[in-house]
Amino acid sequence: MSHIRLSRTRNFGPLIPPNMAHVIIGLEPLETIRILHEYGNKETIFIVNSRPIYPLNVIAGDVEYPALNWIRSVLDELGQKLYWLDATPIAIELGDPIILNMIMIGALCGLPDFPI
C-alpha cells in the first residue's frame, strides 16, 4: 500500500489519516475492500482492477474468495463513485502484466477534476 497526498495550500504529513482517502486505487478487488475499512468514506472514489489475485488461504481451500458481484456492490454502496476496470487484459495486450500499474494511474489521471 502506498499513500500519496496532494495539496496546493497546506503542508501535510505523508500518510492519509483514517477514513480520509479521496481516491483508492485497488490493483485487486479484495485488496480494495481491506483498504476501504481503514481509509474509505462516503466521498471516496474507487478505481478497481476487476481481476482477483487469490490469497494463499483461498488457494489452499481454507476460505472462499468473496463473489466479485458482492465486492463490487459494497464498494459502489460505500463510496461516492466506483470505476470497475478490466485492466489486466489491457496490460497483457500491451505486452506485460506489470503495465497494470500504469493503466491504473492513467485511470486516476482521467478522473474529472483530478489536479494533475
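The values are calculated or read from the model by the stated rules, or taken from the named source; none is laboratory data. In this text, all values refer to a predicted model and were calculated from it rather than measured experimentally. Please note: Cβ atoms are built from the backbone with ideal geometry, for glycine as well, and neighbour counts cover all protein chains shown.
Results, tabulated for the structure shown:
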quantity	calculated
Matching option when the condition is in a helix (DSSP H, G or I) and under 28 Å from I98 (Cβ atoms), among V48, V63, V74	V74
Enumeration of residues in the range 17-64 that are in contact with a strand residue (DSSP E or B) (Cβ under 8 Å, 6 or more places away or on another chain) and polar (S, T, N, Q)	T32, T44, N49, S50
Residue match in the range 33-43 (condition: basic (K, R), loosely packed, with under 15 Cβ neighbours inside 10 Å and part of a helix (DSSP H, G or I))	yes
Single residue of the range 1-29 satisfying the filter (within 20 Å of I98 (Cβ to Cβ) and modelled with pLDDT under 95) that is surrounded by the fewest Cβ atoms within 10 Å (Cβ to Cβ)	S2
Among (1) in contact with a Leu (Cβ under 9 Å, 6 or more places away or on another chain); (2) under 26 Å from L15 (Cα atoms); (3) surrounded by 13 or more Cβ atoms within 10 Å (Cβ to Cβ); (4) not β-branched (V, I, T), the one test that L108 misses	(1)
Yes/no for S73 being among the hydroxyl-bearing types (S, T, Y) and under 12 Å from the mean Cα position of the chain (by Cα)	no
